[in-house]
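Below is one structure, written out as structure tokens; the observations come after it.
The values are calculated or read from the model by the stated rules, or taken from the named source; none is laboratory data. Remember, predicted model here, so these are calculated numbers, not experimental data. Cβ coordinates were reconstructed from backbone atoms using ideal geometry, including for glycine residues, and neighbour counts include every protein chain displayed. Just so you know, the surface numbers come from the protein's heavy atoms only, side chains and all, with ligands and any DNA or RNA stripped out. Shrake-Rupley method; radii C 1.70, N 1.55, O 1.52, S 1.80 Å.
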Amino acid sequence: MKLLLLYRRRWWLFYLPLVLCTAAALWWSATHWLVLPPGKAVIAAGSPQGSYSRLAQRYAEQLERTGLNVEIVYSDKQNGSLEQLMDARNAAGIGFAHGIYANARSPVQALAVVGQEPVWVFSGADGPASLAQAKGARVAAGAASSSSFMAAKVMLEHAGLRPADVHFDPAVGVAAAEALADGKIDVLFLAAGEDSQAVQLLTRQGNIQLLGTEHAGALVAQEPHLQPLLLPQGAIELRGDIPPRDLTLMSLQTHLLVRPEVHPALQRALLDAAIAIHEGPNFLQRHGQFPSFRGSDFSLSPVARAYSLGARPWLETLLPYGTAQQVELLMFAIIPTLAIALILLAWIPRLFDWRISAALNHFYGDVKFLESDMDKIATENPMALRRLLERLDNIERQVVALDLPDEFSDRWYTLREHLAAARERLLKLRSR
């Protein structure tokens, strides 16, 4: 019987393939379906002296509390954080960027808008009182690839000036602030937070004036990446009345960015860290204003979109980062897969037992029908007893040819005894 041949080779034909399929299912679950989050996060921070460096340090501290190992990588370029994320050869998967760098072809995604940095416009003692009067002025706005320079071009064009109408100076940071204070430049554009050393230096010098933006709404319509920001009178220093009047500044939104392939659990951990870092108020933002999932200049990550709606794996609400993913893999992949494999391993012998029992029962049935036909044929047609004997011989040849497992030996011998008894009875009927 083919079934018996399969039984003899069951280890190679059934058990081994089942074990291999189980191992493959576990491997696929762990590498493609319920992939465990990485134990290390790499953050691109841009320049070591920039504001993103300090921001990356704060995120690193928050992530390390969850058990993650965090590495911060730096770049000398103004928009180095974004460039590192867009470089496939770079290991960084997390970074920051101003929205003015966003475009439809950008391969990165935003988790949230985590803050806003004003575009400070400072004018020297002999500098213009507004940007419209800055024709021929010496302007410092950083490198051409910097967000400060890009914002300066848009704001100057809004004021009716072309880039050729001013003289750009390459000075940046504190050096540019000192140059403005010394009269070496006339106007300084600086996209930076209120804690910037250059901003703190210039806002407290009496001969330096901070310029506001006129017709800010029209400028936003022209360049949506710039947003108006009201700086109230005395917001920087109340006693010193800095600024001396309400000013409308333009601001750039700071985005927390990730590559699309960053693990969803790590993205949610970053969003948890963003809430802890940015939720508090300061004089530029209200409590809870950031992180924000609305108005992002970059496309929003699907994970962030779900997070904003309150969708989150329930295990992450009970267990810490990493542990929740391991438990999820165990509950939804490893345990079910192993349970199915064990059920199949236990079912395969039962399948063979059932099929072999069915084969033996078939022979028992044939012998029973043959015995019931003996008396009837012996009475009505004695010559037909020979055909019964041939049927009995055929059954016996098939039974003898059976190569059954040892546990079926007793039933096999019992069947042989039934066959022998049937033969003896059939021969007695023929001899009458």
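Among all lysine pairs in the chain that are eight or more places apart or on different chains, how many have alpha carbons less than 24 angstrom apart?
Close lysine pairs found across the chain: 7.
What's the FRET efficiency of ARG54 with ALA88 using the Cβ-Cβ distance as r and R₀ = 30 Å, to the nearest 0.05?
The value I calculate is 0.65.
Around PRO118, under 13 Å between beta carbons, what's the net of Lys plus Arg minus Asp minus Glu among the other residues?
Once positives and negatives cancel, what remains is -3.
State the extension gain, in nm to one decimal, for the chain segment bounded by ARG8 and LEU230, taking 0.36 nm per residue of separation less the distance between their alpha-carbons.
71.5 nm
Amide H to amide H, which residues 5 or more places from VAL119 or on other chains are under 5 Å from it, using H placed in the peptide plane?
Counting only residues 5 or more places away or on other chains, the set is MET250, SER251, LEU252.
Output the relative contact order of the range 260-305, whole-number percent, from Cα pairs under 8 angstrom with separation of 6+ residues.
Rounded, it is 37 percent for the range 260-305.
Only Cα pairs under 8 Å and at least 6 apart count here; give the relative contact order of the chain as a rounded whole percent.
About 19 percent, as a whole number.
Compute the label zone of GLU157 within the range 82-119: residues whose backbone N is under 19 Å from the point 7 Å along Cα-to-Cβ.
The answer is 98-105, 119.
Given a 1.4 angstrom probe, what's the average accessible area per residue across the chain, in square angstrom?
That works out to 53 Å² for each residue.
Computed FRET efficiency, Cβ-Cβ of LYS184 and GLN326, R0 51 Å: what is it to the nearest 0.05?
The value I calculate is 0.30.
With all pairs of different alpha carbon atoms counted, what Kirkwood hydrodynamic radius in Å does the range 89-203 show?
For the range 89-203, the Kirkwood estimate is 15.2 Å.
Starting from the Cα of LEU429, step 7 Å along the direction of its Cβ; do the same at HIS167; then give the gap between the two resulting points in nm.
Result: 12.8 nm between the two label points.
How large is Rg/Rh for the range 288-432, to two decimals, with Cα atoms and a Kirkwood Rh?
Looking at the range 288-432, the ratio lands at 1.58.
Around ASP353, what is the net charge, scoring Lys/Arg as +1 and Asp/Glu as -1 over all other residues with Cβ under 15 Å from its Cβ?
Every neighbour counted, the sum reads +2.
Choose one answer from GLU117, GLU417, GLU64: the residue with the largest mean-square fluctuation in a GNM of the chain with alpha-carbon springs under 10 Å.
Comparing GLU117, GLU417, GLU64 in a Gaussian network model of the chain, the most mobile one is GLU417.
In Å³ and rounded to a whole number, note down the convex hull volume per residue for the Cα atoms of the range 43-148.
Here the figure is 141 Å³ per residue.
Report the convex hull volume per residue for the range 91-152, counting only C-alpha atoms, in Å³.
Taking the convex hull of the Cα positions in the range 91-152, it is 139 Å³ per residue.
Please state the Cα pair-distance histogram of the range 146-207 with 5 angstrom bins from zero: what percent is in each bin?
The distribution over the range 146-207 is 4, 17, 27, 24, 19, 9, 1, given as percents.
Apply the Karplus parameterisation 6.51 cos²θ - 1.76 cosθ + 1.60, with θ equal to phi minus 60°, to every residue of the range 309-322 and state each ³J(HN,Hα) to the nearest whole Hz, in sequence, with x for glycine and proline.
In residue order, the calculated couplings are 8, x, 7, 7, x, 5, 5, 5, 7, 10, 10, x, 4, x Hz.
Kirkwood-based Rg over Rh for the range 124-266 (C-alpha set), two decimals?
Rounded to two decimals, Rg/Rh equals 1.00.
Of all accessible surface on the range 155-216 at a 1.4 Å probe, what whole percent is carbon and sulfur?
47
Can you tell me which of THR31, THR203, THR254 moves the most in a GNM of the chain? Springs connect C-alpha atoms under 10 Å apart.
Result for the chain, Cα springs under 10 Å: THR31 fluctuates most.
Using every alpha carbon pair in the chain, what percent of pairs falls into each 10 Å bin from 0 up to the bin containing the largest distance?
4, 16, 19, 13, 9, 6, 6, 6, 6, 5, 4, 3, 2, 0, 0
Give the Rg (one decimal place) followed by the Dmax (whole number) of the range 15-55, computed from C-alpha coordinates and expressed in Å.
20.2, 62
Sum -39500 (n - 2.57) across every DSSP H segment of at least 4 residues in the chain, then divide by the residue count to get the 222 nm mean residue ellipticity, nearest 500.
-14000 deg cm²/dmol
Counting Lys and Arg as +1 and Asp and Glu as -1, what is the net charge of the other residues whose Cβ lies under 13 Å from the Cβ of GLN267?
Summing Lys/Arg as +1 and Asp/Glu as -1 gives +1.
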